[in-house]
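Reading through the structure tokens given below for one structure.
The values are calculated or read from the model by the stated rules, or taken from the named source; none is laboratory data. Note that this is a predicted model, so its numbers are computed, not measured. Because the Cβ atoms are built from the backbone with ideal geometry, glycine has one as well, and the counts that use them run over all protein chains shown.
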Amino acid sequence: MKVEDIEETTISQHLYTHDVPDPDLLIRTAGEMRVSNYLLWQISYAEIWVTQRCWPDFSEADLHDAIADFAGRKRKFGGLNLNATP
């Protein structure tokens, strides 16, 4: 394969998650503010929700909180809001 033939879809199709949709929400536990190389390609447009709760203690209520917060966000998928005031 030539370098000039490599496209975004070429890379996506060769990942082990090629048949799974990219996540819309990444929940990060333990208050960590890094993604630790976790699904870097796939989470490029994901929203990130951080909680201080550690994974073993993460509850259904925490999941509902994350989803409620996610539902209230305005997603731009990498675009700019040209109508926003500074």
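Before moving on, here are some points about what is shown:
- Boolean, residue 83 is farther than 30 Å from residue 10 by Cα, polar (S, T, N, Q), loosely packed, with under 11 Cβ neighbours inside 10 Å and free of Cβ contacts under 8 Å to residues at least 60 places away in the same chain: yes
- The requirement of being within 13 Å of the chain's Cα centre (by Cα) and loosely packed, with under 12 Cβ neighbours inside 10 Å is satisfied by residue 77.
- Total residues in the stretch 36-57, condition among the hydroxyl-bearing types (Ser, Thr, Tyr), out of contact with any helix residue (DSSP H, G or I) (no Cβ under 8 Å at 6 or more places or on another chain) and either surrounded by fewer than 10 Cβ atoms within 10 Å (Cβ to Cβ) or at pLDDT 95 or above (or both): 1
- The one condition in (1) among the small types (Gly, Ala, Ser); (2) modelled with pLDDT of 95 or more; (3) assigned to a loop (DSSP other than H, G, I, E, B) that residue 68 fails to fulfil: (3)
- Hits in the stretch 1-35 (condition: of a type in the set (S, T, N, Q) and either surrounded by 10 or more Cβ atoms within 10 Å (Cβ to Cβ) or in contact with a strand residue (DSSP E or B) (Cβ under 9 Å, 6 or more places away or on another chain) (or both)): 10, 12, 13, 17, 29
- Pairs, first under 16 Å from residue 62 (Cα atoms) in the stretch 18-42, second basic (Lys, Arg) and in a loop (DSSP other than H, G, I, E, B), C-beta under 9 Å, six or more apart: 28/34; 29/53; 30/53; 31/53
- Qualifying residue in the stretch 45-54 (condition: under 17 Å from the mean Cα position of the chain (by Cα), hydroxyl-bearing (Ser, Thr, Tyr) and either over 17 Å from residue 77 (Cα atoms) or not in a loop (DSSP other than H, G, I, E, B) (or both)): yes
- Extreme residue, farthest from residue 46 (Cα to Cα), among residues of the stretch 1-29 that are of a type in the set (S, T, N, Q) and in a helix (DSSP H, G or I): 10
- If you go through the stretch 43-75 and pick out every residue that is aliphatic (A, V, I, L, M) and without any contact (Cβ under 8 Å) to a residue 12 or more places away in the chain, you end up with 3.
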